[in-house]
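Single-structure report; data block below.
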Amino acid sequence: MKFKELSQYFQRLEETTSRLEMSNILADMLGKATYEDIDKMVYLTLGEILPPFRGIELGVSEKLMTEALSKSSNTKISEVEKLYKLTGDLGEVAYKLVNWEGRDLTVGQVYDEILDIATTRGTKDKVLRIMSLLKGLSNLEAKYITRIIVGRLRLGVGDATLIEALANLVGGKEHKTDIERAYNLCSDLGLVAKTLIQKGLEGIRSFKVQVGYPIRMALAERVTNAEEIVRRLGRCAVEAKYDGFRLQVHKKDKDVEIYSRNLERMTDMFPDVKSAILQHIKFRELVLEGEAITYNEETGEFYPFQITIQRKRKYGVYEYAKEFPLKLFAFDLLYLEGEDFTSKPFIDRRRKLEEILPKNSLILPSEMFITDSVKEIERFFEDAVARGLEGIMAKRLDAPYTAGSRNFNWIKLKRSYKGSLADTIDVVIVGYFYGKGSRAKLGIGALLTALYDPATDTFKTVSKVGSGFTEEEWIKLKEMLDEIKLPHRHARVDSLLEADVWVEPKYVITVNADEITRSPLHTAGRTTEEPGFALRFPRAVGFIRSDKRAEDANTVEEIENMYKMQKRVSVE
Ligand code: ATP
C-alpha cells in the first residue's frame, strides 16, 4: 500500500466519533494489506513503530521536529514556532508547510525510514534524516508522520478495536477469541496480524509462547473475606501478597529481558535481577513471574511500592539498587526449555518453579501453602497484614495461566481501610474541569474519570475527582494533560458530562472512596432501567499509575461486583 492511502485512512479514523465506524474503516484498511505491510500498518495505526515492550524510542523532541520542519520548508524557526503556538499540533504545522508533491512512497519505505531515524544517533543526523523523509511526502502524509515522530498520533484506535477488525477480516466476530488468545501470548499485534495473513486461523490457533515476547499478565478478582475464597476455590493455594513491582522475566541463553505488569521493557531497572538469573539459573530458556520488592537490610522490613518504583529512573539505577536491595518473590513459571507451561495446572507450574529456583539468591519462591480451611486462611491473612504485607492471594490449583484475563482463578484479599471501600479503584482520566475558587488560578479543579468497558472497548465515566493532590501535583497534572488534549470527546469515551478540556484516555490514577453509589450523571453501568455508578467522596491516592495503561483501569463489571459486595456487607 502507498503511504498516501494509509494517511487517508488515518484522516477518516481521526474524524470519526463513532466506534463502529472506526471498526469498519479499519477492516477496510487491513483488507488491503499485504504480508509485508500488515504489521507495519498495525504499528503505525497505534502510533508506534514497534510494540512498546521493545523499548525503542524515536528520541525526537518537538524542538528537533520544529528544526526539521523549518529547514525542509525553508521557513524561519520563529515562523514554525508561531504556527505551532497557534495550532498546538506539529502535524497541522507540517500540513501547512509542506507544499510539494512527495514521491508516492510505500508504507514499507516510510516505515523503514522512521526505523532508521530511531536508530540514528546524534541530533544533527536525526534532523537530516527527518528532512529527507519529509521531502518525500505530501502534506497529508507529512501531517501524520510528524505526529508519529513526536509520539502524538492519537487516532483513538485501541488494541481491542484492531483485534475486532482482524476478526472481521477472516470471517467475523466469532474469531475474536482465537485472535485475542494469540495476542495475549505475545503482546504483539503486528506479529498476530502477520501470522493471520500468512497461516490463517490455523496458525493463530496453534500460536505458542515465545521467549522475548511478554505474555499479557493474568489478573486477580477481589473478595472481601476468606469464606468466599473457600466457597469459590475449595482447596487452594494461598500466598502472601507483596506490595511491590510485578516482573515477568524472560531468559534465552545469555539474554535476559524483564517486563512490567504494563509490558514495558524494564531490564535496565533491575540489573541485580538480571545478574541473579544469569548466575543462578542454568536452564537455557525460561519465563517466570514474580513480585520484586525492596527491603531494609538492617530490619528485614519491606518498603512500600512507592520506594520500589523509584528504580524507574534513567540515571543512578546501580546506586539505587545498592541502597535499596530487593527480593524477587517468584510465583509462576510460564515457559521452560521449549515447553509452554501456560496451559498446565497451577500446582504443576508451582512445583516445577520450586524445583528450579536457586537457593541463596535474591530470587525466592513466594510464601505459599495449600488449604481448604477458612480459619487457616484468616489466620494467615491477619499475620500477613500484621507483617505489613498487603494481604493474600489465593489460587485455583487446577487452573491454567489465563493470560491477559481477570477471573476467579486468582483471588486477592486485601486489608481494608476503615470508612472506605475494601479496595481502591483505578480510573482513567478522560478530561478535566477548570475549577472554581482558589483552584481557578491553577486552571484545573477536577478530573473527569472513567472505567474501562472491555465489551465495547470504551471508557465510561464514573466520577469527578477533585481532591487528593497537592498544588504542585495539580500543576504537573495540568501540564501532562494539556499535552494530550483533544478538540472533542475521544471516540471511545462515553460521557453525559461535558468536560472543559477533553484528553486522550491515557493516564490511570488510583482513588479511594467511601462508597459506590448510583447516579444519573455517569455512564458506567448505566442501563435503560438503572442509572450509572458513581463514587462517593473520591480522593486520589498517589500520583499517576505509570505501571498501568488506560485499558488496565478497573472495569465496569468489577465496580458492579464491588457494588454488590458492599450491599451484602452492609446488610449483614
Ligand atoms: P491488578 O494487577 O489486579 O489490576 P493492582 O495492580 O491494583 O491490580 P492488586 O490489586 O494489588 O494490584 O493485586 C494484584 C497484584 O498483586 C499482581 O498484579 C501482583 O503484582 C501482586 N502480587 C503480589 N504478590 C503476589 C502473589 N503472591 N501472586 C500474584 N500476584 C502477587
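The table below lists the values:
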quantity	calculated
For the range 239-366: accessible area per residue (Å², 1.4 Å)	45 Å²
Links that overshoot a 21 Å alpha carbon limit, given the list K414/K564; K252/K274; K63/K126	none
Percent RCO, i.e. relative contact order, over the range 432-566, from Cα pairs under 8 Å lying at least 6 residues apart	26 percent
Student exercise, the range 191-263 dipole from Lys, Arg, Asp, Glu Cβ charges, in Debye to nearest 20	220 debye
Surface share of carbon and sulfur [accessible, 1.4 angstrom probe, percent] for the range 63-146	49 percent
Accessible area of the range 399-534 belonging to carbon and sulfur atoms, whole % at 1.4 Å probe	51 percent
Alpha-carbon centroid distance for the pair the range 168-190 / the range 280-307, whole angstrom	34 Å
Cα Rg, Dmax (largest Cα-Cα span) when computed across the range 369-503, Å	20.1, 57
Residue-normalised accessible area of the range 138-179, expressed per residue, 1.4 Å probe, Å²	28 Å²
Under 16 Å from K460, Cα to Cα: lysines that are on another chain or at least 8 residues apart	K506
Additional length obtainable on full extension of the chain from K441 to Y315, 0.36 nm per residue less Cα span	41.9 nm
Surface accessible to a 1.4 Å probe, Y507 within the full protein complex, Å²	40 Å²
Kirkwood Rh, Cα atoms: Rg over Rh of the range 426-507	0.96
Degrees separating the helix 471-482 axis from the principal Cα axis of the chain, which is the longest one	50 degrees
Greater than 27 Å apart at Cα, pairs in K143/K464; K173/K199; K176/K312	K143/K464; K176/K312
Residue order for K40, K173 - accessible surface, 1.4 angstrom probe, largest first	K173, K40
FRET efficiency estimate (nearest 0.05) - Cβ-Cβ, E354 to E323, R0 30 angstrom	0.45
Net dipole in debye of the range 1-153 [+1 Lys, Arg Cβ; -1 Asp, Glu Cβ; about Cα centre; nearest 20]	480 debye
Dimensionless Rg over Rh [the chain; C-alpha; Kirkwood]	0.96
Dipole-positive endmost among S73, L86, Q109 within the range 62-117 (Cβ charges, Cα centre)	L86
Heavy-atom accessible area order for F533, F305, largest first, 1.4 Å probe	F305, F533
DSSP-defined beta bridges in the chain - what % are antiparallel, rounded to 5	90 percent
Distance from the range 111-150 to the range 195-240 (C-alpha centre basis), Å	40 Å
Contact order normalised by residue count of the chain, Cα under 8 Å, 6+ apart, percent	12 percent
Check: the chain dipole with +1 on Lys, Arg Cβ and -1 on Asp, Glu Cβ, in debye	520 debye
Helix-only mean residue ellipticity at 222 nm for the chain, each DSSP H run of n ≥ 4 adding -39500 (n - 2.57), per residue, nearest 500	-12000 deg cm²/dmol
Interchain or long-range residues, amide H under 5 Å from R526's placed H	F533
Built amide H within the under 5 Å cut-off of G468, gap 5+	A540
Between 0 and 90°, nearest 10: helix 374-386 axis offset from the chain longest Cα axis	60 degrees
Portion, in percent, of the accessible area of the range 195-277 that falls on carbon or sulfur, probe 1.4 Å	41 percent
Cα-based helix-to-principal-axis angle, 123-135 vs the chain, degrees rounded to 10	60 degrees
Extension reserve of the T87-L278 stretch, reckoned as 0.36 nm per residue once the Cα distance is removed	63.7 nm
Cβ-based charge dipole, the chain, positive-most Cα from G435, L6, I163	G435
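The values are calculated or read from the model by the stated rules, or taken from the named source; none is laboratory data. Computed from a predicted model, the values in this text were never measured in an experiment. Here Cβ is always computed from backbone atoms with ideal geometry, including for glycine, and neighbour counts include all displayed protein chains. Ligands, DNA and RNA are stripped out before the accessible areas are found, and what is left, the full protein with its side chains, is counted by its heavy atoms. Shrake-Rupley method; radii C 1.70, N 1.55, O 1.52, S 1.80 Å.
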